[in-house]
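Read the structure below first, then the notes.
The values are calculated or read from the model by the stated rules, or taken from the named source; none is laboratory data. In this text, all values refer to a predicted model and were calculated from it rather than measured experimentally. As a convention, Cβ positions derive from the backbone with ideal geometry for all residues, glycine included, and neighbour counts pool all protein chains shown. Note: areas computed on protein heavy atoms with side chains; ligands, DNA, RNA excluded. Shrake-Rupley method; radii C 1.70, N 1.55, O 1.52, S 1.80 Å.
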Amino acid sequence: MIIFDNNVFTLHTRRTTYQMKADAYRVLVHTYYGARIGGGDLSYLIRYADRGFSPNPSEAGHERVYSLDTVPQEYSTCGVGDFRLPSIELELSDGSRLVDLRYKDHEIRAGKYALEGLPAFHGEGGETLVIRLEDACAQVEVELYYGVFEEHDLITRAVRIVNRSAKPVRVTRAASVCLDFMRSDMDFVTFDGRHVMERGMNRAPLRPGVQSVGSVRGISSHQHNPFVMLCDRDCGEDHGLCYGVALLYSGNFVAEAERCQFGDARLVMGIHPYHFGYLLEPGGAFTAPEAAMICSPDGFTPMSHRFHRAIRQNLLRDIPGRKPVLINSWEATYFDFDAEKLVQIAKEAAPLGIGLFVMDDGWFGKRDSDMSGLGDWTVNERKLPGGLHALVPRIHALGMRFGLWVEPEMVSEDSDLYRAHPDWALGAPGRPRTRSRSQLVLDFSRREVREHVYAALRRVLSSAPIAYVKWDMNRNLTDVFSAALPAERQGEVYHRYVLGVYEMLEWMRRDYPDMLIEGCSGGGGRFDAGMLYYTPQIWCSDNTDAVDRLTIQYGTSFCYPVCTMGAHVSAVPNEQTGRMTPLKTRGVVAMSGAFGYELDLSRISQEDKQVIRAQIRTYEDNYDLIHDGDYYRLASPYEGEGYTAWEHVSPDRRAALVSLVTSSAHAAPAFWTLKLKGLDPDAVYRVSGDERRYRGDVLMRAGYPLGMVKGDYQARQLELRAED
């Protein structure tokens, strides 16, 4: 997969080729990334000309045609002639900020590299390239890591910066990936929104200058997701060249795309330089998080499929067996519950086929509202007499497993923990702290804080069999100052905080390997590939409205597989929107994810309970198809066809599940014909509720007639099975 010949590095995957070269000045230039080709030195594609105000390196003498401002680079420098987006910035001991990187050496290894303390793709079938660049004057080395997974067309990137000098160096920018293109006629696609409306797709042509998205909130954020795409202007689901880049990081990030002056473009992505400064003592090193890239010459759908498979097979570290359908207590009880009320909810749920009961917020400390109790991880025995030791066996007796909600990173001022250790919350001395949701953020950059919180949680988790934990995080970071670090290291707090969260999640995975951990940050505020390494599913959004979820889950699907999206059926009118949608529709939308319910089952009719039983049967019958099959976006919620449609197809193409939800209804509607995807063209399929038989090629090219659907927000599902 990795070939080195005459200073040219060529990385081949099954369908793509990536190439770079150490040129005559030892600059590592980028030559090609696209559909797979035979090889050869493609540096002939780089054009050289005297560009006037583009400066020339010292080694070029008075030859003016070579400039770092115009050549495509593999890891862009700063202050030495390239005025485009830098990948790295350093503060050297003499006060200078110049970084001039040249090729030093490299090594090719069998197997995929790993990163200490950081998430990374893993597993068999990978191969590693490490290229060392050096700034000889600063005595700093930069190691560029490349991991190649041939079958997934996945190339990963990571960067390690090493101070080889005798004096301290401060890293103020360390991108994980730089992609230079010798063209700029592309669209920049991002996934943006806000709390309860996350990951909406936004697409715009690259314009002159820099376009960027990112987060300075301490988390990857509800506002912008650390996954972006660059693509042909006419790229669609099944045609056109596109590039997807995902950052495996759960903190501050930035993704910047620059359309440059001479018709070229650059994408740089990594930790946001906002309030970032990492001090390297002599011999010290800093590792930037991993980024994952997939190029698809054939549109968005193949790119998504390859990300989905790579994440499922080489990123998630899931528990064995199927994930049970769950019921969460939150929207049924909020803080107002006791053991009897919880058991009653479970008694309603168990006969319907629900296999996991989750006790949400309010079970610990003095926690009757969101004003107090966070940090005091002891069971409130006024609500739960005898603690979990008494409650969990009652849930088990109903044939259900038990899970609970935690928010380990937070503390209430009205808590025993805060009264004992006020300095354990982020905050600068002498300044009042900023509240959000009436809570403060614990300084997880400090090991003693993590160890204290984890010891308390471990006592709870070990007191009874716990099958599931929902790890929540319900505010952004402010007052980012650690009492445990000196002034010159305060720029490390944001990053050290993320590393602390990762470490504590790793402890939990180590000690409870069979427990399912679901990530959450006010829903989708930390839905990123980095968090998926520790939590194999994430609560997709606090918004459970089925119609809003169409756009949320649509945008999420471009990178992240369905099995990672926590999705629940909730009550109507919906808590966030007030919208009324049929129970069937809510179920169809939610089962395109990690399926569950979040409502008071004692308040619904027997007829609705029958609907829930049928939904769970459909989900269970199609579990492998939904979680492990290929996902196709058939009709976008943005394009105004009158409906949104999607499809799950089994790996062997013998089965499919098609789902459709209508938008607003109108009189005299058009007849709809839906063209399916991914089927075996030569197979003959049975379609649920239809006596006819259909060839796969007919369903894909001619389509399936849907007929008229009356009423707003109606849903249909079609189950397809190939005949022997």
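Assorted remarks:
- Taking the protein heavy atoms of the range 1-147 in the context of the full set of protein chains, the accessible area attributed to carbon and sulfur is 48 percent at 1.4 Å.
- Axis of helix 300-314 versus longest Cα principal axis of the chain: the two differ by about 80°, to the nearest ten degrees.
- Once the 1.4 Å probe is applied to the protein heavy atoms, the range 579-724 comes out at 46 Å² accessible per residue.
- Residue list for the range 30-52, given a label point 7 angstrom along the Cα-to-Cβ vector of D232 and an amide N cut-off under 19 Å: 32-38
- Accessible area in square angstrom per residue, the range 3-104, 1.4 angstrom probe: 46 Å²
- Inter-site label distance for E107 and V80 at 7 Å from Cα along Cβ, in nm: 2.4 nm
- For the chain, the Cys residues with no second cysteine's beta carbon closer than 4.7 Å are C78, C137, C178, C260, C295, C520, C540, C559, C563.
- Percentage relative contact order, the chain, counting C-alpha pairs under 8 Å, at least six apart: 10 percent
- Taking a Cβ cut-off of under 11 Å around V649, the surrounding Lys, Arg, Asp and Glu residues balance to a net charge of -2, with basic ones at +1 and acidic ones at -1.
- Global geometry of the chain, whether rounded, prolate or oblate, following the gyration tensor of its Cα atoms and the 1.5 cut on a/c: oblate
- FRET efficiency, T172 to R203 (Cβ-Cβ, R0 35 Å, nearest 0.05): 0.65
- Within the accessible area of the range 401-445, the carbon and sulfur atoms contribute 46%, probe 1.4 Å, all protein chains present.
- Normalised by the number of residues in the range 421-546, the mean separation of alpha-carbon contacts (under 8 Å, six or more apart) gives a relative contact order of 27 percent.
- Look at the Cα gyration tensor of the range 391-550: its axes a ≥ b ≥ c give a/c of at least 1.5 with a/b over b/c, and that counts as prolate.
- Taking every alpha-carbon pair within the range 194-322, the share separated by more than 27 Å comes to 29 percent.
- Over the range 114-253, Cα pairs under 8 Å with separation of 6+ residues give a relative contact order of 16 percent.
- Proximal charge balance of Q615 [Cβ under 12 Å; K/R count +1, D/E count -1]: +2
- Å² per residue, accessible surface of the range 359-500 at 1.4 Å: 39 Å²
- The chain: calculated mean residue ellipticity at 222 nm from DSSP helix runs of at least 4, using -39500 (n - 2.57): -5000 deg cm²/dmol
- Subtracting the Cα-Cα distance of A484 and H62 from 0.36 nm times their residue separation leaves 146.7 nm of extension gain.
- With every protein chain in place, the range 571-639: carbon and sulfur % of accessible area (1.4 Å): 43 percent
- The local environment of A594, defined by Cβ-Cβ distances under 9 Å, has a net charge of 0 under the rule Lys, Arg +1 and Asp, Glu -1.
- Helix 339-349 vs. the chain, principal-axis angle (Cα, 0 to 90°, nearest 10): 90 degrees
- The chain: angle of helix 606-621 to the longest principal axis, Cα-based, in degrees nearest 10: 40 degrees
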